[in-house]
Amino acid sequence: MEHHYYFLVEILSGLGLGHFAHGFIHVVHSWLVICILVVGAFLLTKHVQLVPRKAQSMAEMIVQGLEDFMVEITGPEGRAFFPYIATVFLYIFISNLLGLVPGFFSPTANLNTTLSLALCTFGLTHYIGVKYHGKKYVKHFLGPAWPLAPLMLVIEIIGHFARVMSLSIRLFGNIFGKEKIIGILFGLAGMYLAPLPILFLGILVSLIQALVFTLLSIIYFAGAMEEAH
Amino acid sequence: MAIEGVDLMKAAAFIGAGLAMGFGAIGPGVGEGYAAGKACEAIGRNPEEAGLLTRTMLVGQAVSESTGIYSLVIALLLLFVV
């Protein structure tokens, strides 16, 4: 693989952190995404007014839309876990879009980032299950009939770990593939604007993959909340 | 230049990566096109629900696309790990 030029890595190299920055490009860029989100949230909530201005009404629209999207699936009791869902959505969306800016890297184009996100969803799913059902949460894993319980237990456990795999690899593969295609097209015919349609598709993919990750998280949460069949 | 065992292994891995990506792209391509066609039919019949239908279609397509993404991962493993 040839050497890629990333602004953040060069800046950190200037500060004497080059060794860390070269080894953990996705971590450095996910710090940038965290900074964008924190500063953005701070700026948007600094002057909250009853009659919203432009920026505030846009932020309200995003949050309101996400909340309606979630409550539609889980019902009103799922509102307690809305902060997690909104955070994950915004984080993934901003991370995906960051990769479209030349000189930056999508943190989600690395399996470590997406796997940690998927593990958070996995952990929270079972926390919700234990919180809502206590000891009875075991029933979720035992299937409908008692004689089949040992078989169902194995299948359900494999299924729950497959969720982590599919969530993380789906996001990673999409974003990594997008970055690779844009890179190859830039190398082949960057002067003739060849990557332009793929860049447009990239915006779409960024939004859809962020939406799919959050939607599947919401569905898993709703599955952990409902009574065992 | 003599061709050795390592070169043969590399060649086989590259052929395998190409085949995995090519055949793996057939399924999602056909399936997603089918889903988009059905969504167009449904929007034609019921234009008020276009927003909901488009959203559902996109989410379903993204989920069914994961098989293609798995073949991409296999191809990448063959290219860079083997």
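With contacts taken as Cα pairs under 8 Å and at least 6 residues apart, the range A:89-212 reaches a relative contact order of 36 percent. With R₀ fixed at 51 Å, the C-beta to C-beta distance from A:HIS126 to A:MET191 puts the FRET efficiency at about 0.45.
For the protein assembly as shown, a crude dipole built from +1 on the beta carbon of Lys and Arg and -1 on the beta carbon of Asp and Glu, taken about the Cα centre, is about 440 debye to the nearest 20.
Model label points for A:LEU204 and B:TYR34, set 7 angstrom from Cα along the Cα-to-Cβ axis, are 2.1 nm apart. Legend: mean number of C-beta atoms from other chains within 10 angstrom of residue C-beta atoms, peptide A:197-208, equals 1.
A helix-only calculation puts chain B at -30500 deg cm²/dmol for mean residue ellipticity at 222 nm, using -39500 (n - 2.57) for each DSSP H run of at least four residues, averaged over all residues.
Within the listed set B:LEU19, B:LEU72, B:LEU52, the residue fluctuating most in the Gaussian network model of chain B (springs between alpha-carbon atoms under 10 angstrom) is B:LEU52. Within the straight-line cut-off of under 21 Å between alpha carbons, the lysines reachable from A:LYS131 are A:LYS139, sequence neighbours fewer than 8 places apart in one chain being disregarded.
The calculated FRET efficiency for the pair A:ALA55 and A:LEU119, based on their C-beta separation and a Förster distance of 30 Å, comes to about 0.35.
Extent along the principal axes, Cα only, for chain B: 67, 17, 14 Å, with the longest axis given first.
What ranking, highest mean first, results for peptides A:184-192, A:164-172, A:81-89 when packing means the other Cβ atoms within 10 Å averaged over each residue?
Working: A:184-192: 11.9, A:164-172: 20.9, A:81-89: 16.9.
The peptides rank, most packed first, as A:164-172, A:81-89, A:184-192.
Projecting the Cα atoms of A:GLY18, A:LEU211, A:VAL38 onto the charge dipole of the protein assembly as shown (Cβ charges, centred on the Cα centre) puts A:VAL38 farthest toward the positive pole. Length gained on full extension, A:VAL71 to A:ILE157: 28.2 nm, using 0.36 nm per residue less the C-alpha separation. Normalised by 2.2 N^0.38 Å, where N counts its residues, the alpha-carbon radius of gyration of the range A:7-225 equals 1.20. Estimated at 0.36 nm per residue, the fully extended path between A:LEU15 and A:GLN64 surpasses their Cα-Cα distance by 13.6 nm. Which aspartates and glutamates have a Cα lying under 16 Å from the Cα of A:LYS178, excluding residues fewer than 8 positions away in the same chain? Straight-line reach from A:LYS178, under 16 Å: B:GLU65. Partners of A:LYS180 within straight-line reach, counting lysines whose Cα lies under 28 Å from its Cα and excluding those fewer than 8 residues away in the same chain: B:LYS10.
Every number in this text was worked out from the coordinates using simple rules, so none of it is lab data. Since the structure is predicted, the reported quantities are computational estimates derived from the model, not experimental observations. Quick reminder, even Gly has a Cβ in these numbers, built from the backbone with ideal geometry, and neighbours come from all protein chains shown.
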